[in-house]
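Encoded as structure tokens, the structure appears first; notes follow it.
Every read-out reported here was derived from the displayed coordinates using simple, explicitly stated rules and does not represent laboratory data. This one's a predicted model, so the numbers in the text were calculated from it and none came from an experiment. Heads up, the Cβs are rebuilt from the backbone with ideal geometry, glycines too, and the neighbour counts pull from every protein chain shown.
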Amino acid sequence: MPIAAIAILAVVTFAFRLAGPVFRTRVTISTQAQDFMTAVAAVLLVAVAVTSALTQGHDFGGWARTAGVAAGGLLAVRRAPFPVVVVTAALVTALLRLAGVA
Amino acid sequence: MSPSRRTTVRDIILVCAADAILSVSYGATSVAGGLPPWVPIVMSLIVFSGGAQIAATSIVLAGGNPFAAIAAGALLNTRLLPYGFTVADVTGGSWFKRLAGAHLTTDEAVAFALRQDSPERRRYAFWTCGVALYVSWNVATVAGTVAGTMMNNTGTFGLDATFPAMMLALALPAITRRRVAAAAGTGALAAVALTPVLPVGLPVLASLGGLAWLRRGRSR
């Protein structure tokens, strides 16, 4: 990842953060708009999660990773603690690969 | 120290510990995936936003265009915009305080600030959480990169499964309504369906089409 890309992401992120303290007396943001931005974040996170779980480049990424992420995701839905979710995902994937599943 | 302040500090420590685990995994997976250690370390310092860092790094590691990675990370962080307005009363003051307060604005610090009833307590909660989280997050990323260099085969350890699992765990608390769940589901399906035909990274942005579910709700 080039340093320029990181810098751009950092500047844009900082601009979002700074807008409130600078413009707060002139602008108000509705609850509806807030809910919408939270939904944008949720939709993007799920999309990045699902595509990076299932695909590699333009193709299917293999069953081992898919199964590992599915196991971790299921635990996350059941409100398992974060470390349990992450370790389970890695462990299931590693064990399946050890067993010869791609 | 009043009891409620003690509770706040205890809760902040717990949140910092949970985020440190996320940050260690982020640093380790980035390095094990082939990125030089300075990439996650610099990102933690200047982007300081877990979801965006992980999403952007995932896209880059999958071979995606850096601009798609920036776009995904930036769109994820639009939620920081309303946060800035919500906590503007505690990040006000001198320019240095405003700039520092802005950089320390995260889901966690805002959540802690909103839970307090007096302005003085809000300020205390926001700054304590902000500073503690910034320090622990960055130290943990460095620790993760050290661990990652020791595990130089992502596949064997199943580390490629950790980023998607982390992102699911981060997204779930925000999916409180059925329409948001429908939007996320549809968006993910669209992104996967478009993966074979679009350049890597772009299908993720197409997922935003799923937000049409929310529009339907509003017009009714």
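Net length available on complete extension from A:A7 to A:T31 is 5.6 nm, with 0.36 nm assigned per residue and the Cα-Cα distance removed. With bins 20 Å wide beginning at 0, the percent of Cα pairs of the protein assembly as shown falling in each bin runs 33, 59, 8, 0. 3J(HN,Hα) along the stretch B:168-182: 4, 5, 6, 7, 4, x, 7, 8, 9, 10, 4, 5, 5, 4, 5 Hz, from the Karplus curve 6.51 cos²θ - 1.76 cosθ + 1.60 with θ = phi - 60°, whole Hz, x for Gly and Pro. With a 10 Å cut-off around each Cβ of B:169-181, the average count of Cβ atoms from other chains is 6.
With a 10 Å cut-off around each Cβ of A:65-73, the average count of Cβ atoms from other chains is 5. Protection proxy ranking for B:157-163, B:33-39, using the average of other Cβ atoms within 10 Å per residue and placing the highest first: B:157-163, B:33-39. Measuring between their Cα centroids, the stretch A:39-77 and the stretch B:155-216 lie 8 Å from each other. Neighbouring Cβ atoms from other chains, within 10 Å of the Cβ of residues in B:14-25, number 2 on average.
Taking amide H as placed 1.01 Å from N in the peptide plane, A:G62 has no amide H partner under 5 Å among residues 5 or more places away or on another chain.
Shown in residue order for the stretch B:31-43 are the 3J(HN,Hα) couplings computed by the Karplus curve 6.51 cos²θ - 1.76 cosθ + 1.60 at θ = phi - 60°: 5, 5, x, x, 7, x, x, 5, 4, x, 5, 5, 4 Hz (x for Gly and Pro). Relative to the compact-globule estimate of 2.2 N^0.38 Å, the Cα radius of gyration of the stretch B:3-154 comes out at 1.10. Whole-Hz Karplus values for the stretch B:201-211 come out as x, 5, x, 4, 5, 5, 4, 4, x, x, 5 Hz, taken residue by residue from phi with 6.51 cos²θ - 1.76 cosθ + 1.60 and θ = phi - 60°; glycine and proline positions read x. Spin-label model, B:A17 to B:W38: label points 7 Å out along the Cα-to-beta-carbon direction sit 3.5 nm apart. Helical runs (DSSP H, four residues minimum) scored at -39500 (n - 2.57) apiece and divided by the length of the protein assembly as shown put the mean residue ellipticity at 222 nm at -24000 deg cm²/dmol.
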